[in-house]
Amino acid sequence: MRYSKNFIQRSAVFNTYDRHVPAPYFRKKFSLSEKPRQAEISVCGLGFYRIWLNGKEITKGMLSPYISNPDDILYYDAYDVAALLEKGDNVIALLLGNGFLNDPAGDVWNFDKAQFRDAPKVALSLEIGGETFLETDTSFKTADSPITFDDYRAGEHYDARREISGWNATDFDDAAWDNAVTAKTPKGEPRTPVCPPVCAVREIRPSAVQKCGNGWRYTFPENNAGVCRLTIDGEEGQKIKLTYAEVAVKDGVDIDNIVNGGFPDVGYLHRDVYVCKAGKQTYTPSFTYHGFQYVFVEGLKDGQAKEDALVYVVMHTDLKSAGSFTCSDAIVNRLQENTRRSDLANFVHFPTDCPQREKNGWTGDAALSAEQFMLNFEAEKSFREWLYNVRAAQTEEGVLPGIVPTSGWGFAWGSGPAWDTALVQLCYYGYKYTADETVLRENFESVVKYLRYAKSKLNENGLLAYGLGDWCPVGRYNDEVKTSLEITDTLTIIDTCYKAGRIADLLGKTAEKAEFNAFYALLRENFRKKFVENGEIKKEFATQSAVSMALYYKAFEESECETAVKQLIELIAEKGDRFDVGVLGARTLFRTLSDFGHDALALKLITQEGFPSYRYHLDRGATTLWENFIPLADGEYIRTADGRKLDSLNHHFWGDISAWFYKYIAGIRINPALQDPLTVEIAPHFIEGIDYCRAERAYLGGKIAVEWERGKDGVHVNVTAPSKIKIVRKW
């Protein structure tokens, strides 16, 4: 495949809030003397593209090709087009969107100041019989499309009156169109993605349509991610505005919780605008997506506000399901469903932090959710692809940014050990659930580089404290952490060293393994010197997160664990048998309780009524996981008694409870500690209050399935697995 670097564009003037520049059309007509037996198109459309050949759309997915920093990696898609080419006239046609290349809604993270910022551009080649037949050049014709504004964070504006009939057909006369101009070539290395594309995976019909304020509110039965398809019998010039939200209020919707930080809403965020032509018409945005459950529609006339006027088109990376879990506890089942929905809504090319406000690839979020992603979905190829971008963003010194891709934001603030560990966690769990060493080999040198950098950050106590901490603590706002940063950072790197050591062992990297083990031992010794006394965390530092993380990451001696567990139980009791952690502690608290025989307490913390618990959100109508555990005022969905608001209502980084369901309730433990990929431990915990459980995880071409049920004569367990799997029964 040829990676053409001949980029063209309509002009170098790019879209802003103050200056709308329409998305460009491109087309190239050419003639063939015979129908080819072999032909391939490769295309790099920046930021996004749609492509047609002889009037037939062949675009592999939505928001193609990928979201990346084009000065790091240039993504090309390849299409086998021999069957679509004809003897005689043919035409290639493209529509380009701004994507990551030009992101006016991204000023919070400095994307608006990116060195690569530019108007949409494309490089394309057509190879026939292995020879280059044509490439993008100034002979391509171009014109404005009906998309008058597009930003994948904010939304899209479309004026149907500007549509050009037949523009992508062979017989269209493009003599009046302009010639394309040569564009600057980005610095990135060319690459074809190995991961599945973003697709429209299903459709949801509204559960209610209600007149309120100056418009109509469409309510959908779940919070999710995607776009709305609008169908209307409209009048020419009629303007329809769709505002997407997670929260409904009396006069419409409330988007305060999904406005980016201190950036004001200037009328663009979370909105699509459609201007009608005359007659029946349908519109689906091309170059944006939203996170929402409600849509407030302005501009509809009474007779047009029909239930079928809007359909929710759910979008995410086409991750295939790999696992399933269900049990006799309805609350647990709903939480499992909400976790899976949050995972998928936050997987658009790579794991994002939220599908509405930011859409950023926060490394910490991915690190926390790596195992739940892998237990539920075939995410390993998407992990691999994103890790190419993580490595490309890493500095020579080993520093990682907090978001990937980035234009430079996230190095000075927004990263640190608990975020940077994504590099190791995605490798570790990507291998653990596939037995494919590719992800380990691709990333090993970056792991070495990062841990050497981390070692250079040791403070006067020989500990680490240089990043974000136990984020989103219960009852507080995001950065109001309760647990010492020295504790969470140091314990995180202890775990990172352990996992890196296991990876080094698998790859036969003995010198690096010794290096990781030595760093592990040093950190553990220094941690114990400062924080451990009489077999527990010193009182002034003791939190549920501190103790559960120290237990889970084995900072205590085995003889001390009983004392430390007692301390943890007392800390929970002091809160009225409620959890009091941030996202880092949530990753270890329930696992630790189960590891030391307190399954019933772990389940109670998750499912009990009242604040805080996961059920607290369910009882307020949550169909996804929320970013914050903060008590809400009576009758409020996002606001507290003192008027403060929650943030995103669709976050996945609290979702390790799903991994707990699989590994503890069902007891599926594939390749424990990466010792042998053919070994699977089955260690179900028969927790009081749960009478039935069934879970499955696809593995090595077969399926590991566990089903247990409590009967009058005890618990009956049934396990099935491929014959090559060595099942170790532990119950």
Inset, instruction - Taking only segment 12-29 into account, find how many residues are in contact with a strand residue (DSSP E or B) (Cβ under 7 Å, 6 or more places away or on another chain) and either loosely packed, with under 15 Cβ neighbours inside 10 Å or modelled with pLDDT under 95 (or both). - result: 2
Legend entry - Of all residues making up segment 686-700, the number that are modelled with pLDDT of 95 or more and part of a loop (DSSP other than H, G, I, E, B): 5
Inset, instruction - Inspect all residues belonging to segment 9-22 and state whether any of them is touching a Gly at 6+ places or on another chain (Cβ under 7 Å) and under 28 Å from P146 (Cβ atoms). - result: no
Inset, instruction - Given the conditions (1) closer than 24 Å to D302 by Cα; (2) crowded, with 21+ Cβ neighbours inside 10 Å; (3) at pLDDT below 95; (4) among the polar types (S, T, N, Q), report the number of the one that T243 does not fulfil. - result: (3)
Inset, instruction - Please determine, by comparing only the residues of segment 99-119 that are assigned to a helix (DSSP H, G or I) and touching a helix residue (DSSP H, G or I) at 6+ places or on another chain (Cβ under 7 Å), which one is surrounded by the most Cβ atoms within 10 Å (Cβ to Cβ). - result: G106
Legend entry - Selection within segment 120-139 - assigned to a strand (DSSP E or B) and open to solvent by 50 Å² or more (accessible area, probe 1.4 Å): E131, T132, F133
Inset, instruction - Go over the candidates L74, L96 one by one and state the one that is part of a strand (DSSP E or B) and within 22 Å of the chain's Cα centre (by Cα). - result: L74
Inset, instruction - Just give me the residues in segment 428-453 being touching a Phe, Trp or Tyr at 6+ places or on another chain (Cβ under 8 Å) and under 25 Å from A586 (Cα atoms), in sequence order. - result: Y429, G430, Y433, L451
Inset, instruction - Mind counting the residues in segment 448-482 that are modelled with pLDDT of 95 or more and under 30 Å from T510 (Cα atoms)? - result: 19
Legend entry - Residues satisfying the stated conditions in segment 530-553, i.e. under 20 Å from N461 (Cβ atoms) and free of Cβ contacts under 8 Å to residues at least 60 places away in the same chain: F531, V532, E533, N534, E536, I537, K538, K539, E540, F541, A542, V547
Inset, instruction - Using the structure shown, decide if F686 is in contact (Cβ under 8 Å) with a residue 40 or more places away in the chain and touching a Ser or Thr at 6+ places or on another chain (Cβ under 6 Å). - result: no
Legend entry - Members of segment 701-716 that are part of a strand (DSSP E or B) and closer than 18 Å to A322 by Cβ: G702, K703, I704, A705, V706, E707
Inset, instruction - Mind telling me which of the residues A154, A143, A176 ends up being over 30 Å from A393 (Cβ atoms) and open to solvent by less than 60 Å² (accessible area, probe 1.4 Å)? - result: A143
Inset, instruction - State yes or no: is V295 touching a Leu at 6+ places or on another chain (Cβ under 9 Å), assigned to a strand (DSSP E or B) and either among the charged types (D, E, K, R) or within 30 Å of V390 (Cα to Cα) (or both)? - result: no
Inset, instruction - Restrict the check to segment 634-642 and report whether at least one residue is open to solvent by 10 Å² or more (accessible area, probe 1.4 Å), assigned to a helix (DSSP H, G or I) and at pLDDT below 95. - result: no
Inset, instruction - Considering (1) in a strand (DSSP E or B); (2) farther than 22 Å from S328 by Cβ, say which one R669 fails and leave the rest. - result: (2)
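Condition check ((1) touching a Pro at 6+ places or on another chain (Cβ under 9 Å); (2) not in a helix (DSSP H, G or I)) across all residues:
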site: E480; (1), (2): yes, yes
site: T488; (1), (2): yes, no
site: T492; (1), (2): yes, no
site: Y498; (1), (2): no, no
site: A504; (1), (2): no, no
site: A511; (1), (2): no, no
Legend entry - Conditions (1) open to solvent by 10 Å² or more (accessible area, probe 1.4 Å); (2) touching a strand residue (DSSP E or B) at 6+ places or on another chain (Cβ under 8 Å); (3) farther than 27 Å from V295 by Cβ: number failed by I92: (1)
Inset, instruction - Only residues that are open to solvent by less than 10 Å² (accessible area, probe 1.4 Å) and either among the hydroxyl-bearing types (S, T, Y) or not in a helix (DSSP H, G or I) (or both): list them for segment 298-312, please. - result: L310, V311, Y312
Legend entry - So A622, is it of a type in the set (G, A, S), closer than 18 Å to D656 by Cα and open to solvent by 30 Å² or more (accessible area, probe 1.4 Å): no
Inset, instruction - Give me a count of the residues in segment 37-56 that are open to solvent by 20 Å² or more (accessible area, probe 1.4 Å) and either in a loop (DSSP other than H, G, I, E, B) or at pLDDT below 95 (or both). - result: 4
Legend entry - Single unsatisfied condition, A278 versus (1) touching a residue at least 12 places away in the same chain (Cβ under 8 Å); (2) open to solvent by less than 50 Å² (accessible area, probe 1.4 Å); (3) among the small types (G, A, S): (2)
Legend entry - Criterion violated by D265 - all others in (1) under 19 Å from D150 (Cβ atoms); (2) out of contact with any helix residue (DSSP H, G or I) (no Cβ under 7 Å at 6 or more places or on another chain); (3) in contact (Cβ under 8 Å) with a residue 40 or more places away in the chain; (4) of a type outside the set (V, I, T) satisfied: (3)
Legend entry - Test result for A435, assigned to a loop (DSSP other than H, G, I, E, B), open to solvent by 10 Å² or more (accessible area, probe 1.4 Å), farther than 20 Å from A673 by Cβ and not aromatic (F, W, Y): no
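The values are calculated or read from the model by the stated rules, or taken from the named source; none is laboratory data. Note that this is a predicted model, so its numbers are computed, not measured. Because the Cβ atoms are built from the backbone with ideal geometry, glycine has one as well, and the counts that use them run over all protein chains shown. Quick note on the areas: whole protein, heavy atoms, side chains included, nothing else; ligands and nucleic acids left out. Shrake-Rupley method; radii C 1.70, N 1.55, O 1.52, S 1.80 Å.
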